Amino acid sequence: MNATRTACMAAVAALLAGCGGNSRTLHIYTWSDYIAPEVVAAFEKAHGCKVVVDTFDSNETMYAKLKAGGSGYDIITPSSYIVSTMAKEGLVAKLDHSKMPNVKANFDSSFANQIIDPSFTYNVPYAVTYTGLMYAKDKMPKGLDMATWKVLENPAFRGKITLLDDIREVVGAGLMSLGYSLNSRNPAEIDAAVAEVLKWKRNIRKFDAESYKNEVPSGATWIGQGYSTDTTQVIVGDEEEGNAPRSDIGFALPKEGFAIAFDEMVVSASAPDPDLAYAFINFMYDGKNAKDNMEYIMGPMPVKPGISALDEEYRKLIVLPPETLARGQVLMPVDDAMDLYNKAWDRIKATK
Ligand code: SPD
């Protein structure tokens, strides 16, 4: 048999086996800048498939899309506190751990106090973000303590602040600023948090979950409530994308408390290719893949061999020291009190 014919037959055989012909596609629905393109490419190569990544900017947007019938996703990465709601509503599948042995083998139990559901029935922890204040150092008055939510009411920042377009993060910041729990279900405390956020409102340019990442570096925004991963990506820069490191940008985690939010990998109840979804979760719990992914997203994944493999300079940027972590509060479900939060949010948005 000649060489051309042998090559052709091999290609046909690969297609029939469902690999090498990009015949399978994994659909991921996740936050922006939250998965390394090189890790996605490595998964495509390892599994002979294509990966399509769509993004959302808040749990509410993601949830509303799924509730409105948005289907076609295999993997979704909601924050932990909304997973139980999604499970109750039949939006996510019960997981088959026999198809992703790396998860239980490689889970790093030092993250146990940051996760909500250690049973991993519907969820596998993906990565954790810490919410704080990203700021342009040269715009801050000398000596100002940035590690407090109180900076948000400083009249020096009129029209120069953005807050996340995210109910739990914003009402939660108001609660913590007053010394209350991030997960308060007390109506009086939630009312007080609304009043606190309204004190900040004259300084607020807009509620937006993504623009701070470009607008703090450009100077359009001076302080942006934002996620540790996005901010660290900006500070460190990305040579390949032509983004220089930005030592003029700071990130502060307020002393009154900050949100710790794990995002979880869940398999959609209507996943077109659940087996490929399991293969993906297993792949992300491999040490090398997790390390490569963490060094791109700049946030920790609870994958022990991945954390151990981090270069020391990355570890310092990605893994919070215990004394800092101790000031954080894990975002938890508030169940029926979510109604109070929704109403609080409406008041915050409606008040001029
Ligand atoms: N690029 C944004 C990544 C943020 C992921 N965590 C969000 C937690 C929301 N409470």
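Computed from the coordinates by the stated procedures, all read-outs in this text should not be read as laboratory data. These numbers come from a predicted model, not from an experiment. Glycine also receives a Cβ, built like all others from the backbone with ideal geometry; neighbour counts cover every protein chain displayed.
A few points about this structure:
- Three-way shape label, the stretch 195-345, alpha-carbon gyration tensor, a/c 1.5: oblate
- The stretch 168-225 and the stretch 303-352: distance between their alpha carbon centers, rounded to Å: 14 Å
- Length gained when the stretch Leu144-Ala105 is fully extended (0.36 nm per residue, less Cα-Cα span): 9.5 nm
- Prolate/oblate/rounded label for the stretch 229-299 (Cα gyration tensor, a/c 1.5): oblate
- Ranking of Phe207, Phe157 by count of other Cβ atoms within 10 Å, fewest first: Phe207, Phe157
- Length added when fully stretched, Lys343-Asp54, from 0.36 nm per residue minus Cα-Cα: 101.1 nm
- Annotation for Thr324 and Lys255: the two label points, set 7 Å from Cα along the Cα-Cβ direction, are 1.7 nm apart.
- The protection proxy used here, the mean number of other Cβ atoms lying within 10 Å of each residue, ranks peptides 99-110, 247-258 as follows, highest first: 247-258, 99-110.
- Cα convex hull volume per residue for the stretch 189-252 (Å³): 100 Å³
- Extension reserve of the Thr85-Glu44 stretch, reckoned as 0.36 nm per residue once the Cα distance is removed: 11.6 nm
- Remark: the Cα gyration tensor places the stretch 128-271 in the oblate category, a/c being 1.5 or greater and a/b not exceeding b/c.
- Using the empirical formula 2.2 N^0.38 Å as the baseline, the Cα radius of gyration of the stretch 157-218 reaches a ratio of 1.17.
- Among beta bridges that DSSP assigns inside the chain, antiparallel share in %, nearest 5: 55 percent
- Across the chain, the mean sequence separation of Cα contacts (distance under 8 Å, 6 or more residues apart), normalised by length, yields a relative contact order of 26 percent.
- Along each principal axis, Cα extent of the chain, largest first, Å: 81, 45, 35
- Packing, taken as the mean count of other beta carbons within 10 Å per residue, orders the peptides 138-145, 80-87 from highest to lowest as 80-87, 138-145.
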